[in-house]
Protein chains: 2
Amino acid sequence: MIIVADNLRVTLPALGRAVERLDPGPIREIASACMDAGAQAIDINSGPLSRCPEEKMSFLVRTVRETVDLPIVLDTANPRAMAAGLAAGGPKATINGVSLEPERLKRILPLARQYDCDIIGYLLGPDGHVPAHAVGRMEAAVALFKEIQAAGIPPERLIVDPIVAPLAWQDGNRQNMAVLEVIRTLPDLLGFPVRTIAGLSNLTTGAPGPDTRRRYQCAFLPMLVSAGISMILLNVLDPDIMRVAGSSQRITDTMVFSWQ
Amino acid sequence: MIIVADNLRVTLPALGRAVERLDPGPIREIASACMDAGAQAIDINSGPLSRCPEEKMSFLVRTVRETVDLPIVLDTANPRAMAAGLAAGGPKATINGVSLEPERLKRILPLARQYDCDIIGYLLGPDGHVPAHAVGRMEAAVALFKEIQAAGIPPERLIVDPIVAPLAWQDGNRQNMAVLEVIRTLPDLLGFPVRTIAGLSNLTTGAPGPDTRRRYQCAFLPMLVSAGISMILLNVLDPDIMRVAGSSQRITDTMVFSWQ
């Protein structure tokens, strides 16, 4: 299991200002802290980037690349920013991401082929909504898989994100049980060891405070790990969450176990 | 999911002395603390009880019954103690337990039929050893199920304990992945909603200290819950473990979610 830092978000005010001023300092600081905390990859969540998306995404990617030697995940819904990030990113950049929304398929899939890189696919309907039931997620996975193949991208490039639901949603727990089911059964359904990814913090959107957030994330994380998730996007700067990630990994690992 | 306190163990020196002297004080204290901490049942682990097993088990059961209004689980390998505990226990006592070991089948199964009570079945081979592979556990489950039926006990009385393996065992993690698999698939395999139970503290036998024990138990517990376990035997007096149990339960529950 690969731990991806979700800490580099341009929606955070300090990072938003740094990007506006093209000031690398705060970005370097976060990227270094993530590596020191044990991140095995960094998600660069650029936010909307309404003005000069290319320049800003290139700046972000170059700054992270110069600071840490970790794979990067380019997290933007803006195709121009994605193209610029891939051009600046060099090898081991992952596209985050595509869905069955026609506009995304049309503008993002060609980039995955051009750069021959991994691409995260969200299990959403063509309307961008989360499917109401587990079967809808499975159908979305099959449809995404077909789109990837039709676009000439090797299917092994697809990393499926079944979309963790906020517990505060009316049917959040049922949705998350479907998420675990999808992670467990997808390799059998698609007939190859398809990788999966999940964003842990989605779970606690709307939670009343940091203790509650941590508490539920620390309980759901082992469930994701034991379901066989390949990558988890999480707050690597929270030592409690990182400890649970490490313990869960050692429990489920096939390597020889050692405490700590 | 039912939380069963594993705290009442006569192998603890203070409780051992209390049982020797037939002094109800320390037993009442533990039983009350377990109920206050949120236990939904109490496992009465009597230890070997080499002298006067009937008298001591009856005393234990009566003392717990007089103190708390919770279902009890009679945890002894001594058939005489089990018989005495059931006689003293009244309704809602569960036998813990039976396995394919011929001596246990012969002496424990008739008690389950006589008292019409639930009975925990360990997935061990007839030699008392843990099966080396997942398939061995499945075979043990099927064999136990047949023995239960052959003894005239309704199959719904069986609660299967797949035996959590110490992580320190050479193949502990692989064994525990088999445990999760058994919990998930057993209802399909046996064709009815068969209940399962697991003892969480087995996981960390031999761990270097209480922090390490807590840490690994807190990571494995959500895995058991998301696999669909019916009952967990755990240290209800550890608030961290109880918090994880509660969060895991709320995440996987089909009831309307609420934080806390």
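Only the coordinates and a few stated rules stand behind these numbers; no lab work does. Note that the coordinates shown come from a computational prediction; the quantities given were computed from them, not determined experimentally. Ideal geometry is used to build each Cβ from the backbone, glycine not excepted, and the neighbour counts take in all protein chains shown.
For A:Glu156 and B:Gln149, the FRET efficiency from 1/(1 + (r/R0)^6), where r spans their Cβ atoms and R0 equals 41 Å, is about 0.30.
Take the Cα of B:His133, step 7 Å toward its Cβ, do the same at B:Asp253, and the gap between the two points is 4.1 nm. Would you mind getting me the FRET efficiency between B:Ala87 and A:Gln170? Use the beta-carbon distance for r and R0 = 56 Å, nearest 0.05. Working from the Cβ atoms, E equals 0.65. Counting only other chain Cβ atoms within 10 Å of each residue's Cβ, the peptide A:198-209 averages 1. Label point of A:Pro110 (7 Å along Cα→beta-carbon): distances to the other copies' equivalent points are 8.2 nm, sorted ascending.
Karplus-based coupling profile of segment A:49-62, in residue order and whole Hz: 6, 5, 9, 6, x, 5, 4, 5, 5, 4, 4, 4, 5, 4, with θ = phi - 60° in 6.51 cos²θ - 1.76 cosθ + 1.60 and x standing for Gly or Pro. Database remark: amide H of B:Tyr122 closer than 5 angstrom to the amide H of B:Val98, B:Ser99, B:Asp161 (H placed geometrically; neighbours at sequence offset of 5 or more, or on other chains; Pro and chain starts carry no H). Of the GluC sites (Glu not before Pro) found in segment A:1-82, no site is in coil according to DSSP while having at most 14 other Cβ atoms within 10 Å of its Cβ.
In terms of distances greater than 22 angstrom between alpha carbons, the cross-link table entries B:Lys92/B:Lys146; A:Lys56/A:Lys92; A:Lys106/A:Lys146 yield B:Lys92/B:Lys146. Given their separation in residues at 0.36 nm each and the Cα-Cα distance between them, B:Arg62 and B:Thr11 gain 16.5 nm when the chain is fully extended.
Label points for A:Val256 are taken 7 Å from Cα along Cα→Cβ. From this copy to the others they lie 5.4 nm apart, shortest first. Sorted ascending by nearby beta carbons within 10 Å, beginning with the fewest, A:Asp69, B:Asp75, B:Asp240 become A:Asp69, B:Asp240, B:Asp75.
When only the Cβ of Lys, Arg, Asp and Glu is charged (+1, +1, -1, -1), the dipole of segment A:1-57 relative to its Cα centre reaches about 160 debye. What does the C-alpha gyration tensor say about the overall shape of segment A:2-252? Classify as rounded when a/c is under 1.5, otherwise prolate if a/b is larger than b/c, or oblate. It is oblate, given that a/c is not under 1.5 and a/b is not larger than b/c. Chain B has one residue whose beta-carbon comes closest to the axis relating it to chain A; that residue and its distance in whole Å are B:Pro222, 2. Take B:Glu55, push a point 7 Å out from Cα through the beta-carbon direction, and compare it with the same point in every other copy: 9.2 nm, smallest first. Converting phi to 3J(HN,Hα) with the Karplus coefficients 6.51, -1.76 and 1.60 and the offset θ = phi - 60°, segment B:145-160 yields 4, 5, 4, 4, 5, 5, 7, x, 9, x, x, 5, 6, 6, 10, 8 Hz in sequence order, with x at every glycine or proline. Model label points for A:Glu103 and A:Leu189, set 7 angstrom from Cα along the Cα-to-Cβ axis, are 2.7 nm apart. Shown is the FRET efficiency for A:Asp240 and A:Arg21, computed with R0 = 41 Å from the Cβ-Cβ distance and rounded to the nearest 0.05: 0.75.
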